[in-house]
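The values are calculated or read from the model by the stated rules, or taken from the named source; none is laboratory data. Keep in mind it's a predicted model, so treat the numbers as computed, not measured. Because the Cβ atoms are built from the backbone with ideal geometry, glycine has one as well, and the counts that use them run over all protein chains shown.
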Amino acid sequence: MQICGIIAEFNPFHRGHARLVETIHRLLPEALIVGVMSGPFCQRGDAAILDKWARAEAATAAGVNVLFELHSTWSTASLQTFAYGAVETLKATGLVTHLAFGSECGQVEELETLADQLRQPSDQFTHLLKTALADGAPFALAQQGALEKVTGVSPLKDRPNDRLALSYLRYAPSHWQALAVQRDTQHDGQASGRAIRSALSQGQSVNDLLTPAALAQVEKAGKQGWTWPDLGDFYGALQLRLTNMSAGEVVGLLACTEGIAIRLKRAAHSADSFEAWLDTALDRHLFESTLRRAALQILSPVKPLQAVPYLRLLAADDLGRRLLKAMKGRARVPIIGNCGRDVKKLPAQAQAAFADDLRRQETSRLLQKAAPYRQALRDFHTPPVMI
């Protein structure tokens, strides 16, 4: 049985995602697709523009057979940690044989060469990385520069999909077969997910960039009163937290240096808005996405995870339901479909991990005003989407 794993945020599900799914089905016609998707918050620290059930439904309608939620500890972490958690989640199904991803270069061999340097760093790579870090470069840029110099690849700065892909390959088991689907702007449109989100936030048409199911979800959400989620709405709470936390407590929560903790606290004293706080705290060691993730962790803390605690089912189609039956005998961890029934059967450590996920969902609902989206404990009231 061929089972192809994919990892995404589907924020929102657009034509590029649809072509990835179509390509998998074309190249691996017998394969079923298992996806891992971020929940209410995404890797950059922002709230997703639609809730996880709407995004999961759009993905399943496009051909993803089973979709699981990536735990919040990993979905709102650095790129490397995000990739690690997502790959571990796919591994926990016990069935994945292939891994597919979008790519600017479309060359698995090139990406594997880069991933090899992360798995088993050469002396040259290690030296270049340490030198760049000593010169004050942020870790991500230092690592990126060292990879380019050691392997001679073209610059990775404008290749976000490739940067993600090599991180996936770093953690993927050696027996998985990788499939790099080259991005096709002529087919997928020029707009990235970020550009689509920007267009939606400004009320611009994205009809040609989304799949029909995703567009229907956007329109449905608008009619039901879904509002654009903005972490800045919690800035007063963020100020309060940073004012009342010591620098040491911030260090413990964020695993950052004392200097960064002091910088975040000082910015909260002087900045009168979330955007101003970001601008004030920003420096060459801190990306905006790092600050957004830090703000979210301060507002709604989640604990680190060493292993996948469970598989949280978000959606499945008919073939996916059959796959779930096979997975029950192979999965390394419990599968949660009905939260009210299944969570209480989890061991204590997994229940604590679920509580973190639940708090993040509850945090996201407080960014909404319409009753359907402010309902408390939706995780217990909203079943997986079955198509």
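Things to note:
- Look at the stretch 186-210: where a residue is hydrophobic (A, V, I, L, M, F, W, C) and a partner is modelled with pLDDT under 85 and assigned to a loop (DSSP other than H, G, I, E, B), sitting 6+ places away or on another chain with Cβ atoms under 6 Å, you get 209/189; 209/191.
- Which numbered condition residue 29 misses (of (1) part of a helix (DSSP H, G or I); (2) farther than 21 Å from residue 193 by Cβ): (1)
- The set of residues from the stretch 200-236 being part of a loop (DSSP other than H, G, I, E, B) and among the charged types (D, E, K, R) comprises 208, 230.
- For the stretch 135-147, the set of residues classified as surrounded by 16 or more Cβ atoms within 10 Å (Cβ to Cβ) and either out of contact with any helix residue (DSSP H, G or I) (no Cβ under 8 Å at 6 or more places or on another chain) or among the β-branched types (Val, Ile, Thr) (or both) consists of 138 only.
- Scanning the stretch 328-342 turns up no residue that is within 27 Å of residue 233 (Cα to Cα), assigned by TED's automatic domain parsing to the domain that holds residue 52 and crowded, with 18+ Cβ neighbours inside 10 Å.
- Whichever residue in the stretch 101-123 is under 12 Å from residue 166 (Cα atoms) and of a type in the set (Gly, Ala, Ser) and, among such residues, is surrounded by the fewest Cβ atoms within 10 Å (Cβ to Cβ): 106
- When residues in the stretch 233-260 are screened for being without any contact (Cβ under 8 Å) to a residue 60 or more places away in the chain and more than 23 Å from residue 135 (Cβ to Cβ), 18 of them pass.
- All conditions but one from (1) under 28 Å from residue 350 (Cβ atoms); (2) surrounded by fewer than 17 Cβ atoms within 10 Å (Cβ to Cβ); (3) not hydrophobic (A, V, I, L, M, F, W, C) apply to residue 269; the one that does not is (1).
- Selection count where residues are without any contact (Cβ under 8 Å) to a residue 24 or more places away in the chain and part of a helix (DSSP H, G or I), scope the stretch 298-325: 2
- Of all residues making up the stretch 349-387, the number that are outside any helix (DSSP H, G or I) and touching a His at 6+ places or on another chain (Cβ under 7 Å): 1
- Residue in the stretch 283-297 that is farther than 30 Å from residue 386 by Cα, over 20 Å from the mean Cα position of the chain (by Cα), outside the structural domain of residue 66 (by TED's automatic domain parsing) and in a helix (DSSP H, G or I) present: no
- Condition met for residue 155 (closer than 15 Å to residue 7 by Cβ, surrounded by fewer than 18 Cβ atoms within 10 Å (Cβ to Cβ) and out of contact with any Phe, Trp or Tyr (no Cβ under 8 Å at 6 or more places or on another chain)): no
- Selected residue (criterion: surrounded by the most Cβ atoms within 10 Å (Cβ to Cβ)) from residues of the stretch 205-256 that are more than 24 Å from the chain's Cα centre (by Cα) and under 19 Å from residue 48 (Cβ atoms): 225
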